[in-house]
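Student: Below you will find the structure I want to go over with you.
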Amino acid sequence: MQTTQANLGRPTPTPVLLVVPPFLDVTYPAIGPSILRARCAVQQIDVKVVYATFDFAHAVGLGPYLDVCASDPIELLGELIFRHAAFAGRDPYAHALTPYVADFVRSHARWLVAHAPRIVGFSSSFAQNLAATAIANEVKRLDSTIVTVLGGANASEPMGRALASLTGGFDVVVSGEAELAFPALCADILNGRSLPPDRVIACDPLTDMRVVPTPDYSDYMTQVAPHAGRGGLPGRLPRAVYFESSRGCWYGQKHHCTFCGLNATGLDHRTHEATRVLADMAAIVAQTGCRSLRATDNIMPRGFETSVLAELARVPVELELQYEVKSNLCAQDLDAFVLAGVTEIQPGIESLSTHVLGLMRKGVTGAQNVVLLREAASRGIVVAWNLLCEIPGESREDYMSQLTLFPLLEHLMPPERWFGVNIDRFSPFHVAPQQFGIGALHPWPRYAEAYGEDAPLDELAYHFGGEYETELTRDRTLRAALGDAVVAWRRTWEPGGTPADCRLDRLANAWAVVTDTRACAQRATHVLSPAQLAALDVAAKPLPVERAAAHARVLDALAESRLVARIDGRWVALPREPHLGVALREERARRRAARQSDPRGQATLAG
């Protein structure tokens, strides 16, 4: 075991420590504690964010550590690895990383206590609960006068209260958006006032986003350097940095997606001003030297295409942005993304079946989702999406139609995974299961394995199962066919593979050539006449069959050639047009060059 106080750095007296415990991906700084650090600084409270993740990843190896981070959340692998350290008397879980845990917990707790803190807070989301519990228990054993606080997504009521009931490791739980409550709590403790009578401080959602400061990532940058220098972590970190431009979900305020358990404290959408978002981006780039920025937003705020993205299209700095968006974007929106440097979107596609999308309350159609995949591929934008299945009310036809469609889309970005939908806490499926034909709910079995059979699992759990059946849960053959189809689609997209293509190149005089290397291709090359190209163009947006009479015969022929698909009674063109992305990137480079050559045009992100 290589965990030593030398690895962790020399402790200096600090009144408030905020610990980021395993298992959180060490290649990205944590935004929540970094915001709280900055907010406390406004009130002249000295806070240090401590990345316990670095030391544990250094000890066990980056690859094994990241494998746990990437494991299926419902498996609770990170929790199981720390369960014996969190709860005395529990048997160690059989895993290669388990033998490192005890020494890590002891040495890290000693190092925290050596700072002589009055308060040690723990940020927990995903699989960080039991690592936080184990370290907190040891801190309290070493110095019972230190006040320990649990926060983060896992502290949301009732989960945080339930976890605190299992251990004496946490004095206070802060549930919800803590930018106001946590500094106030710290001030009370540091000034000698008593702890709140209730162990849980429940925070209402912020109504004024101006109180949220720019995240301060300086502790990440300071702590990652020695680890990278010793070869324990990659030499160039962070790989990307998080920023936020909004909280809540403007779509979910009116149409809460049935499976969505995000936004525990409320769906009300609150947005930073565009100038503030741009200033945050500039500050983060200056802090970290990293130009790959990921938005934490549940959904991109409306109007940002013409404000934030339009301004980013003019700055002389090459940024890589990732955003979560709604999937009914138009081509002009995607053009704005490319010009602004958006390289990846997470559009919440979830399914290519309109019926299933309706059951999820997604507000889009299968045809719209296919168009988004095609238009993103034309512009070189990566689309991160999952295929969700086992939705109450789905039919066999919902999957038969998708199995027919998948081979036609081999040239477009495949789903990263496919899986049965989880019933997550705070989602409509969880809040009102009977409305969707779901019977009794039960926490996923791994919770009992991690926390114990006697733990208040109904309050602790975030992921649940429910009693209901669909055609997919009953029909193993259909389920296997779906899995095989997704695997086949993904296979050529894996590293080292060569994705198939179906690309359109426009020629002079309204002619075009389609090059087709898909397995379903009827020919390797199609020369399209002006009439065929015109028909393909009218199907660029989902075109109802009854409105396509003028092109009916041509579209039927293009369908036989697998160049258009008929989805829910609408024609949809399939070939991508990569020249669109090339032209947009050339335009972005031209704008950057012009801005760099004009001293009057230097923008704040130029540093």
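The values are calculated or read from the model by the stated rules, or taken from the named source; none is laboratory data. The shown structure was predicted, so the numbers you read here are calculated from the model rather than taken from an experiment. Cβ placement follows ideal geometry from the backbone for every residue including glycine, while neighbour counts extend to all protein chains displayed.
Student: Condition first: more than 20 Å from ALA178 (Cα to Cα), of a type in the set (Val, Ile, Thr) and surrounded by fewer than 19 Cβ atoms within 10 Å (Cβ to Cβ). Can you find one or more residues in segment 278-297 that meet it?
Tutor: no
Student: Mind checking which residues of segment 39-69 are surrounded by fewer than 18 Cβ atoms within 10 Å (Cβ to Cβ), in contact (Cβ under 8 Å) with a residue 12 or more places away in the chain, of a type outside the set (Val, Ile, Thr) and closer than 26 Å to ASP188 by Cβ?
Tutor: Passing the criteria: ALA41, GLN43, ASP46.
Student: Here is a follow-up. I need the strands (runs of 3 or more DSSP E) fully contained in segment 441-525, keeping only those with at least 3 residues that are closer than 24 Å to ALA535 by Cα and over 26 Å from the mean Cα position of the chain (by Cα).
Tutor: Details: elements: 441-443, 463-466, 502-506, 512-516.
Where strands (runs of 3 or more DSSP E) fall fully within segment 441-525 and carry at least 3 residues being closer than 24 Å to ALA535 by Cα and over 26 Å from the mean Cα position of the chain (by Cα), they are 502-506, 512-516.
Student: Show the residue pairs meeting these rules: Cβ distance below 6 Å; 6+ apart or different chains; first residue within segment 445-463 and on the phi < 0 side of the Ramachandran plot and outside the structural domain of ASN129 (by TED's automatic domain parsing); second residue in a loop (DSSP other than H, G, I, E, B) and polar (S, T, N, Q).
Tutor: HIS463/ASN422
Student: Please tell me if ARG576 is closer than 28 Å to VAL342 by Cβ, touching an Asp or Glu at 6+ places or on another chain (Cβ under 9 Å) and modelled with pLDDT under 95. Before you say what the answer is, go through the steps one by one.
Tutor: On the way: closer than 28 Å to VAL342 by Cβ: yes; touching an Asp or Glu at 6+ places or on another chain (Cβ under 9 Å): yes; modelled with pLDDT under 95: no.
No, not satisfied.
Here is a yes/no grid of residues against (1) surrounded by fewer than 20 Cβ atoms within 10 Å (Cβ to Cβ); (2) closer than 19 Å to CYS257 by Cα; (3) of a type in the set (S, T, N, Q):
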residue: GLY363; (1), (2), (3): yes, yes, no
residue: MET413; (1), (2), (3): no, no, no
residue: ASN422; (1), (2), (3): no, yes, yes
residue: HIS442; (1), (2), (3): yes, no, no
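Quick grid of which residues meet (1) modelled with pLDDT under 95; (2) within 28 Å of PHE464 (Cβ to Cβ); (3) assigned to a loop (DSSP other than H, G, I, E, B):
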site	(1), (2), (3)
PHE82	no, yes, no
ARG90	yes, yes, yes
SER107	no, no, no
ALA116	no, no, yes
PHE122	no, yes, no
PHE126	yes, yes, yes
ALA134	no, yes, no
VAL173	no, yes, no
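Student: Now for a separate question. Testing ASP188 on (1) more than 26 Å from THR27 (Cβ to Cβ); (2) not assigned by TED's automatic domain parsing to the domain that holds SER124, one condition comes back false. Which one is that?
Tutor: So the condition that ASP188 fails would be (2).
Student: Right, here's the next one. Looking only at residues that are in contact with an Asp or Glu (Cβ under 7 Å, 6 or more places away or on another chain) and either small (Gly, Ala, Ser) or in the same structural domain as GLU410 (by TED's automatic domain parsing) (or both) in segment 516-571, which one is nearest to HIS411 (Cα to Cα)?
Tutor: Per the criteria, the residue is ALA519.
Student: Could you tell me whether segment 365-388 includes any residue that is out of contact with any Gly (no Cβ under 8 Å at 6 or more places or on another chain), part of a helix (DSSP H, G or I) and surrounded by fewer than 18 Cβ atoms within 10 Å (Cβ to Cβ)?
Tutor: no
Student: Oh, and also: Looking at ILE201, ILE189, which is the one that is crowded, with 18+ Cβ neighbours inside 10 Å and touching a helix residue (DSSP H, G or I) at 6+ places or on another chain (Cβ under 7 Å)? Quick ask: steps written out before the conclusion?
Tutor: On the way: ILE189 fails: touching a helix residue (DSSP H, G or I) at 6+ places or on another chain (Cβ under 7 Å).
Going through ILE201, ILE189 in turn, just one is crowded, with 18+ Cβ neighbours inside 10 Å and touching a helix residue (DSSP H, G or I) at 6+ places or on another chain (Cβ under 7 Å): ILE201.
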